[in-house]
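The values are calculated or read from the model by the stated rules, or taken from the named source; none is laboratory data. Bear in mind the structure is a predicted one, so any value in this text is a computation, not a measurement. Here the Cβ positions follow ideal geometry from the backbone for every residue, glycine too, while neighbour counts run over all protein chains shown.
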Amino acid sequence: MKSKMFKKLMAAVLATTMTASLAACVGNGGEKSSEAESKSSAESKSSEVASTETSSSEEVGGYTVLKDANGNVYDLGGMEIIIRDWWSGDGTPAEPQNAFEEARQDYWDWIQETYNFTIKQMAISDWGSAPQDFVDYVSSGGDDQNYVFTLRNDAALISAMGTGLCYDLSTIDCLDFSSQKFQANLLHKQYSKGGKIYAMYAGASEPRTGVFFNKRLLKDAGIDPESIYDMQKNGTWTWDALIELCDQVQKDNNNDGEIDVYACNTNDGLLTEAAVYSNGGEFVGQDAAGNYVYKLEDANTLEGLEFADKIFKNYWEKEPEGAAWDYYKDSYLNGNYVFCFEQAYCGQESGPFYAMEDDWGFVMFPKGPQAKDYTNCWDNNPACIPACYDADRAWKIAFAWNLYTNDVPGYEDSDSWKAAYYKTYKDTRSVDETLAMMRQKGMITFHGVIPNMKFGPELTWNIGPTSGPISEVVSSIADTWKAYIAEANK
């Protein structure tokens, strides 16, 4: 059921549209002018692509009505657009639960009515199959559906970029990649090559890897948990500060030679990556010309790898023989160690720490000595348009997706995103301070878009509590990685 506000807005749009139509009918009893006839003839050419280069706009009831070069509201001809993903169910929208969600639904209803299209998100693929599903769809020439594919970083997607299966979004003029909407996440840069853009993401990035800390165990060691938030706030949350806390909390309570409370555990690769990024390092960079650059042996990167190795060798929980790869999750849930380096989703309802009995907090990964500020590596789901669509069809799909993913008018600077985290996180500082910073302070990385590079098996899986020197791990793959990057640059 449409709200009263929505109905009023649509009445205003219709009045605006009728005024524009009447203006086109001048002279000789309201017959079409030559300008209108020219427009009608142009619209009949199905091969023509709509363009915003000479378009105009008008404010109606707080919404911006976009018009074409002839002053008419854009019309997508009743097109249905489906945003494919693996989590949105059958595409039936949930009933709004608050003022923001009501405003969002009104806005979504308005854009569909105003520009004559429908759009919905549906779970069609699953997480595992999504990239290959995209490749198969485009390779077979597609069908009558109008899809935006939500994907993940995967070899199939990287191959699709290189073989022309992803539509070049840089050619679609209704997408402004210099706008804040895209600059807030930079994913389009991550999936760009040779001036072409193959994927996009809208809005602020999802918070990623940080540090969960067990407040009970900190208090047992005489440490005020709030002091970690305070350090983060005043800029003194550093590698040295973390090491100092690790030394205080790791204990052999009964003097039997066995550690009873460990300082750390986690997914090994997350710590290794976070340590590098937190020191201003990276594994693969990109220069101004768009070429990929080998960074594994840069000083900042090596210093980050050595710091991760120090944590592994001195403060890592000793796991049982034959433990599952994700043993650390249950172990943290049971209060066996203090600091868990994990992604922010772990504190949400679907995450492993939601039901944890002990109170916990969450901060960004501490700064390394070469870093100017905190950071987390943004990792968002790329959205791609199939290259098998013609230019007109791709433009209309992009136009609709762009509107659908815009900020809700009136909520451009809203904190509405916090609501879901408040429901599950143990305190408000983790949301108001940490997650808010993670959305603003981040970086992108390029090793995931280098064909054949096996980041885990070749690097991060070989750094851990029982691994050899970092220098040996790096030297064993240096030439291979340089070759991968050289090939990617061809």
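Which residues, taken from segment 247-270, are assigned to a helix (DSSP H, G or I) and either in contact with a strand residue (DSSP E or B) (Cβ under 7 Å, 6 or more places away or on another chain) or within 22 Å of MET443 (Cα to Cα) (or both)?
Answer for segment 247-270, where residues must be assigned to a helix (DSSP H, G or I) and either in contact with a strand residue (DSSP E or B) (Cβ under 7 Å, 6 or more places away or on another chain) or within 22 Å of MET443 (Cα to Cα) (or both): VAL249, ASP268, GLY269, LEU270.
Can you pull out the residues in segment 84-135 that are aromatic (Phe, Trp, Tyr), under 30 Å from SER159 (Cα atoms) and modelled with pLDDT under 95?
Answer for segment 84-135, where residues must be aromatic (Phe, Trp, Tyr), under 30 Å from SER159 (Cα atoms) and modelled with pLDDT under 95: TRP87, TRP127.
Looking only at residues that are assigned to a loop (DSSP other than H, G, I, E, B), over 26 Å from GLN183 (Cβ atoms) and within 22 Å of the chain's Cα centre (by Cα) in segment 428-460, which one is modelled with the lowest pLDDT?
PRO451
Among (1) in contact with a strand residue (DSSP E or B) (Cβ under 7 Å, 6 or more places away or on another chain); (2) surrounded by fewer than 20 Cβ atoms within 10 Å (Cβ to Cβ); (3) under 30 Å from ALA419 (Cβ atoms), there is one condition ASP109 misses while meeting the rest; what is its number?
Here ASP109 clears every test but (1).
Considering each of GLY351, GLY285, GLY269, GLY361 in turn, give the residue that is surrounded by 16 or more Cβ atoms within 10 Å (Cβ to Cβ), under 20 Å from the mean Cα position of the chain (by Cα) and more than 28 Å from PRO469 (Cα to Cα).
Result of the check over GLY351, GLY285, GLY269, GLY361: GLY351.
Go through segment 314-335 residue by residue and tally those that are surrounded by fewer than 14 Cβ atoms within 10 Å (Cβ to Cβ) and under 15 Å from PHE212 (Cβ atoms).
Of the residues in segment 314-335, 3 are surrounded by fewer than 14 Cβ atoms within 10 Å (Cβ to Cβ) and under 15 Å from PHE212 (Cβ atoms).
Just wondering, is there one or more residues in segment 403-414 that are outside any helix (DSSP H, G or I), crowded, with 23+ Cβ neighbours inside 10 Å and not small (Gly, Ala, Ser)?
Checked against the condition, which is being outside any helix (DSSP H, G or I), crowded, with 23+ Cβ neighbours inside 10 Å and not small (Gly, Ala, Ser), segment 403-414 yields no hits at all.
Would you tally the residues in segment 58-76 being part of a strand (DSSP E or B) and either out of contact with any helix residue (DSSP H, G or I) (no Cβ under 7 Å at 6 or more places or on another chain) or in contact (Cβ under 8 Å) with a residue 60 or more places away in the chain (or both)?
Adding up the residues that qualify gives 6.
When segment 87-106 is examined, which residues are found to be touching a residue at least 40 places away in the same chain (Cβ under 8 Å) and surrounded by fewer than 12 Cβ atoms within 10 Å (Cβ to Cβ)?
The answer is ASN98, and nothing else.
Looking for whichever is assigned to a loop (DSSP other than H, G, I, E, B) and among the acidic types (Asp, Glu) here; the options are GLU303, GLU244, GLU273, GLU321. Which one fits?
GLU321
Go through segment 181-235 and give me each residue that's under 28 Å from the mean Cα position of the chain (by Cα) and polar (S, T, N, Q).
Correct list: GLN183, ASN185, GLN190, SER192, SER205, THR209, ASN214, GLN232, ASN234.
Please go through segment 288-308 and pick out each residue that is buried (at least 17 other Cβ atoms within 10 Å of the Cβ) and farther than 19 Å from TRP481 by Cβ.
Hit for segment 288-308 is PHE307, nothing else.
Checking the conditions here, which among ILE463, ILE485 is farther than 29 Å from PHE213 by Cα and over 22 Å from the mean Cα position of the chain (by Cα)?
None of the others qualify; the one that does is ILE485.
Only one of ALA419, ALA394, ALA400, ALA371 is of a type in the set (A, V, I, L, M, F, W, C), part of a loop (DSSP other than H, G, I, E, B) and more than 15 Å from the chain's Cα centre (by Cα); which?
ALA371
Looking at segment 375-390 only, could you name the residues that are aromatic (Phe, Trp, Tyr) and surrounded by fewer than 23 Cβ atoms within 10 Å (Cβ to Cβ)?
TYR389
Taking the condition of being over 27 Å from ASP392 (Cβ atoms) and of a type in the set (Phe, Trp, Tyr), how many residues in segment 61-120 meet it?
Result for segment 61-120: 3.
Among the residues of segment 124-154, which ones are of a type in the set (A, V, I, L, M) and under 18 Å from the mean Cα position of the chain (by Cα)?
Passing the criteria: ALA130, VAL148, LEU151.
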